[in-house]
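Working notes, structure below.
The values are calculated or read from the model by the stated rules, or taken from the named source; none is laboratory data. This structure is a prediction, so every number in the text was calculated from the model and none was measured. As a convention, Cβ positions derive from the backbone with ideal geometry for all residues, glycine included, and neighbour counts pool all protein chains shown.
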């Protein structure tokens with residue numbers, strides 16, 4: 001991003017769409033359906049997500065949603081809700097986190113509702129969010145970080161064209177307390193542009 005550009009001045013859409021998904025910024029009232037989706041998937045998420053160890057109440061999630069709206073407005077974080085077009089069901093969450101605007105660089109995170117796993121929704125969302133980051137946010141680099149034992153998360157990164165750049169050994173504690181390794185995947189603008197050129201008619 002040019003040094004003179006202030007992120008707060010970027011005019012951004014708060015929603016993008018794919019074939020099956022609406023991917024959008026948090027909105028007032030999102031707390032209850034978000035709490036339900038996490039509660040239904042808690043056992044599925046607990047091995048990987050520290051925030052899933054305890055399911056917050058709908059009111060607590062609503063407060064988090066309101067904070068997420070404020071952070072989106074300030075361009076500090078881009079938390080995104082994944083909602084299926086066909087029936088409005090909450091599929092999971094994703095987003096662009098930890099922005100470094102001097103690069104610009106972002107990290108993509110994601111989770112999927114337990115009974116929607118294996119249907120390609122997260123790969124579909126990550127591809128769309130990747131394009132949003134490079135086109136709209138003018139990103140130069142994106143990262144995906146995941147627990148080295150999380151094979152499904154690793155598969156998403158590889159499927160979406162990210163390159164394994166390194167392994168951080170024993171750098172984080174799992175929810176159970178044991179030390180684990182983190183895999184770091186990256187995608188830079190030249191590689192994204194080259195891939196896009198190959199797929200554009």
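Which of the residues spanning the range 117-145 are within 26 Å of residue 55 (Cα to Cα) and modelled with pLDDT of 95 or more?
Correct list: 119, 120, 121, 122, 123, 125, 126, 144, 145.
Quick one: would you say residue 76 is surrounded by fewer than 22 Cβ atoms within 10 Å (Cβ to Cβ), more than 15 Å from residue 162 (Cβ to Cβ), in contact with a helix residue (DSSP H, G or I) (Cβ under 9 Å, 6 or more places away or on another chain) and at pLDDT below 95?
When the stated conditions are applied, residue 76 does not pass them.
Spot the failing condition for residue 87; the list is (1) within 20 Å of residue 125 (Cβ to Cβ); (2) in contact with a strand residue (DSSP E or B) (Cβ under 8 Å, 6 or more places away or on another chain), and only one is missed.
The failed condition is (2).
Identify, please: which residue in the range 178-195 is within 27 Å of residue 117 (Cα to Cα) and free of Cβ contacts under 8 Å to residues at least 40 places away in the same chain and is, among those, surrounded by the most Cβ atoms within 10 Å (Cβ to Cβ)?
This residue is 183.
Could you list, in sequence order, all residues of the range 143-172 that are under 21 Å from residue 43 (Cα atoms), part of a helix (DSSP H, G or I) and free of Cβ contacts under 8 Å to residues at least 40 places away in the same chain?
151, 152, 154, 155
For the range 21-39, give me the residue count where each residue is under 22 Å from residue 117 (Cβ atoms) and crowded, with 16+ Cβ neighbours inside 10 Å.
So the count comes out to 10.
Among (1) surrounded by 19 or more Cβ atoms within 10 Å (Cβ to Cβ); (2) under 18 Å from residue 133 (Cβ atoms); (3) in contact with a helix residue (DSSP H, G or I) (Cβ under 9 Å, 6 or more places away or on another chain); (4) touching a residue at least 40 places away in the same chain (Cβ under 8 Å), which single condition is residue 17 missing?
So the condition that residue 17 fails would be (1).
In the range 106-119, how many are in a loop (DSSP other than H, G, I, E, B) and out of contact with any helix residue (DSSP H, G or I) (no Cβ under 9 Å at 6 or more places or on another chain)?
Result for the range 106-119: 1.
Step by step: first the residues of the range 83-102, then only those that are surrounded by 14 or more Cβ atoms within 10 Å (Cβ to Cβ) and in contact (Cβ under 8 Å) with a residue 60 or more places away in the chain, then the one that is farthest from residue 30 (Cα to Cα). Which residue is that?
If we take residues in the range 83-102 being surrounded by 14 or more Cβ atoms within 10 Å (Cβ to Cβ) and in contact (Cβ under 8 Å) with a residue 60 or more places away in the chain, then 101 is farthest from residue 30 (Cα to Cα).
Exactly one condition in (1) surrounded by fewer than 19 Cβ atoms within 10 Å (Cβ to Cβ); (2) assigned to a loop (DSSP other than H, G, I, E, B); (3) at pLDDT 95 or above; (4) in contact with a helix residue (DSSP H, G or I) (Cβ under 6 Å, 6 or more places away or on another chain) is not met by residue 175; state its number.
The single condition residue 175 does not satisfy is (3).
Determine which member of the set 185, 134 is in contact with a helix residue (DSSP H, G or I) (Cβ under 7 Å, 6 or more places away or on another chain), part of a helix (DSSP H, G or I) and on the phi < 0 side of the Ramachandran plot.
134
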